[in-house]
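The values are calculated or read from the model by the stated rules, or taken from the named source; none is laboratory data. This is a predicted model, so every value here is computed, not measured. Cβ sites come from the backbone with ideal geometry, for glycine too, and all protein chains shown count toward neighbours. Keep in mind that these areas ignore ligands, DNA and RNA; they rest on the heavy atoms of the full protein, side chains included. Shrake-Rupley method; radii C 1.70, N 1.55, O 1.52, S 1.80 Å.
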Amino acid sequence: MDNSTYVALSQLTALERQLDVTANNIANANSNGFKAARVLFESYLQQDDASASGEGTNYLIDRGSYLDDAPGALVQTGNALDMALTGQGWFAYELADGRTAYGRDGSFVLDAQGRMVTASGAQVLDAGGAPLNIPPEFASTVSISADGVISSTEGGVLGQVGVFTLPDRQSLSRTGGGMFLPENGNAQLQPDDTGTQILQGAVESSNVQAVSEVTRLIDIQQAYQHALNLVSSEDDLKKEMLSRIGQTS
């Protein structure tokens, strides 16, 4: 197989990865608190052997992805239990299977037991890392301060929403609802120390720019087709060469 074919295949592999990431970004353009992912590529130069006189061959390598932590727009909802984070901190949730996840979705409700949960049923954790519970009768009248302290109309403290530091991105995996899970499923919660504040009655929307992502998707598809055309052209050239050799023989 010629180097040009290997180069095209390396590009196709990288483009497939970028296509998956971009498609996932678009699918979550309307998910509260979702953070877009970006793919990192790198050029790898393979030196020619001693019998060749060229400068080597460049291949495209997928070096992984990173989290775009740009803030999403804040949308006022008027719901007393909705919260938006302004800063680098993250909410923490306990999933149905007991694992701890991180996220920025602050659209919360109370279930029948008074547990503060997300739309998917994940329990919101308090500042101590325990599931947050408040009496259901206070659901529409609570006051939530910038540091997450939940108070009743009478001034009694009902709890405090936890705001935590996101661990090393490489130790996390994405799950539904824009959440992140530690590899072992157990998070060592570290309180946020960057001054993140909570805004009551609002949610943070996704930071995905739908138009930009769709444009990127079109560019990826076009680049993918060009790479396929290169592989096809190389194949056609080989067939023609073999055909001519056969005719000469």
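Values for this structure:
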read-out	value
Spin-label model distance (nm) - ASN24 vs LEU217, 7 Å beyond Cα toward Cβ	1.6 nm
Cα gyration tensor shape for region 60-173, rounded if a/c is under 1.5, else prolate or oblate	prolate
Sulfur and carbon atoms: percent of accessible area, region 73-205 [1.4 Å]	49 percent
Added length on full extension, which subtracts the Cα-Cα distance from 0.36 nm per residue, ALA130 to LEU74	17.5 nm
Stretchable slack from ALA96 to ARG17, in nm (0.36 nm times residue separation minus alpha-carbon distance)	25.4 nm
Residues whose placed amide H lies under 5 Å from that of LEU158, excluding near-sequence neighbours	ILE150, SER151, SER152
Calculated from backbone phi, Karplus (6.51, -1.76, 1.60) coupling profile of region 85-92 in Hz, x at Gly/Pro	9, 10, x, 9, x, 9, 6, 10
Distance in nm between pseudo-label sites at ASP193 and THR153 (7 Å out along the Cβ direction from Cα)	4.0 nm
Cut-off under 5 Å, modelled amide H: who pairs with VAL208 long-range	ALA36
Simple spin-label estimate for HIS226 and SER140 in nanometres, 7 Å along Cα-Cβ	5.8 nm
Under Karplus coefficients 6.51, -1.76 and 1.60, residue-wise ³J(HN,Hα) of region 74-82 in Hz, glycine/proline x	8, 10, 6, 10, x, 7, 4, 8, 6
